[in-house]
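Inspection log for the structure reproduced underneath, given as structure tokens.
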Amino acid sequence: MLHSMAYSYIYVFLGFRVSSHRCKYLMKQLFPLIIVFILFLTSASFAQPFSPYEWATYYASKNIRQIKIDGNLEDWSDAPGVSMDQEKWFFVGQGMSSSKWTGVKDLYGNFKVKWDDEFIYVAVEVWDDKVTAPHGSVTKDNTSGSWDDDGVEIMFDTDGCGRSRYYIGDLMHHEYHFVYDDKTPFVFDNFWVPDPNARQPMFTLPDGTQEPLAYPGEALSKNNVSEKFSDPPYYGNYAFKRTEKGYNFELKMKLPGAAMKPINKGGHKIGFDICVNDNDEGKGPLKQQLHWSGMNGMFWRDCKYFGTLILLNK
Ligand SMILES: [Ca+2]
Ligand SMILES: [Ca+2]
Ligand SMILES: [Ca+2]
């Protein structure tokens, strides 16, 4: 069967018919190459779309105990945490890197993930020496935004397709910004809308040089969902709690489009990424950003920079 398929491929690729004798000779010569070619096509179509970093895979255990969304993280003691405590975790771009980092007191993050049949749960312990009130999130225009405030960003590619861009209203793909405030924290869900006439949005550094912020045909827009985060489709609940070293963040929400099944029982890989934003002046652009997976490139537009989240059944 495989041989007859290979003959067909030869006819297609060579584009002409040859004598039976010569064809058998060619077959013998080309058969191994064709098998390699077919295997290459097969592996390419199922290639992992997510981060190449070997650490950027998180195995989440199923939640079998009550997690109270209150900012206290004692109820997470049985979950493995990922500590972002080295220079390698810092995003490099938009004028940011680890160059201003003064150590873990300045910025540090440890995150954990759990799941059950309905919800995903995320806990983040943040150390930040200067926790500042939001200024970007309350700016009306797009000169500043939640991306300039202390807080946590979480990305989901819930169907695991690895697409390169997504927009406000997309159920499956999200860039959430959870912004710290001791009284009225914010949640934003995606920042871009299609605009066929828009030029490529660029980020301008203090020295005047520019970096791509999105693709041509996209316009920036803030989708503040703070007031409706407990409603469909999110059914979300989250809490910040100020601590001696910084703050805790705790989240529970639905993931429309994710199978919410363990990987060995019909589940699939979920694209996932998490960052911790640090502004230490309470004004201006972000000082630095810790990042689990997408340390380079336009991680906020392209799911291939995300890490991988795998749900386990225990
Ligand atoms: Ca708790
Ligand atoms: Ca800091
Ligand atoms: Ca800060």
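The values are calculated or read from the model by the stated rules, or taken from the named source; none is laboratory data. Just so it is clear, the structure is predicted and the values come from calculations on it, not from any experiment. Cβ atoms come from the backbone with ideal geometry, glycine included; neighbour counts cover every protein chain shown.
Exactly one residue out of G160, G169 is closer than 24 Å to F50 by Cβ and touching a residue at least 40 places away in the same chain (Cβ under 8 Å): that is G160. Put simply, of G151, G109 the only residue that is small (G, A, S), in the same structural domain as L255 (by TED's automatic domain parsing) and out of contact with any helix residue (DSSP H, G or I) (no Cβ under 9 Å at 6 or more places or on another chain) is G151. The residue list T209, T308 contains one member that is within 18 Å of I154 (Cα to Cα), β-branched (V, I, T) and either buried (at least 20 other Cβ atoms within 10 Å of the Cβ) or away from ligand 3 (no atom under 16 Å from the Cβ) (or both), which is T308.
Within the stretch 260-287, the set of residues being buried (at least 17 other Cβ atoms within 10 Å of the Cβ) and small (G, A, S) comprises G267, G271. Within the stretch 244-258, identify whether any single residue is in contact with an Asp or Glu (Cβ under 7 Å, 6 or more places away or on another chain), over 24 Å from N142 (Cβ atoms) and surrounded by fewer than 16 Cβ atoms within 10 Å (Cβ to Cβ), and answer yes or no. No, every residue in the stretch 244-258 fails to be in contact with an Asp or Glu (Cβ under 7 Å, 6 or more places away or on another chain), over 24 Å from N142 (Cβ atoms) and surrounded by fewer than 16 Cβ atoms within 10 Å (Cβ to Cβ). Residues in the stretch 221-257 that are among the hydrophobic types (A, V, I, L, M, F, W, C) and in contact with a Gly (Cβ under 8 Å, 6 or more places away or on another chain): F229, A239, F240, F249, L251, M253. Quick one: P196 ticks every box in (1) of a type outside the set (D, E); (2) surrounded by 14 or more Cβ atoms within 10 Å (Cβ to Cβ); (3) not in a strand (DSSP E or B) except a single one, so which number is it? Result: P196 passes all but (2). All conditions in (1) more than 20 Å from the chain's Cα centre (by Cα); (2) more than 16 Å from ligand 2 (Cβ to nearest atom); (3) outside any strand (DSSP E or B) hold for K241, with the sole exception of (3).
Scanning the stretch 244-278 for residues being closer than 30 Å to S98 by Cβ, touching a strand residue (DSSP E or B) at 6+ places or on another chain (Cβ under 8 Å) and assigned to a loop (DSSP other than H, G, I, E, B) gives a total of 2.
Looking only at the stretch 99-109, decide whether some residue is under 24 Å from G294 (Cα atoms), touching a residue at least 12 places away in the same chain (Cβ under 8 Å) and more than 14 Å from ligand 3 (Cβ to nearest atom). Scanning the stretch 99-109 turns up no residue that is under 24 Å from G294 (Cα atoms), touching a residue at least 12 places away in the same chain (Cβ under 8 Å) and more than 14 Å from ligand 3 (Cβ to nearest atom). Looking at the stretch 123-133, can you tell me whether even one residue there is buried (at least 22 other Cβ atoms within 10 Å of the Cβ), in a loop (DSSP other than H, G, I, E, B) and among the charged types (D, E, K, R)? No; the residues of the stretch 123-133 include none that is buried (at least 22 other Cβ atoms within 10 Å of the Cβ), in a loop (DSSP other than H, G, I, E, B) and among the charged types (D, E, K, R).
Scoring T139 on the criteria (1) free of Cβ contacts under 8 Å to residues at least 60 places away in the same chain; (2) of a type in the set (V, I, T); (3) within 13 Å of ligand 3 (Cβ to nearest atom) leaves a single failure, condition (3).
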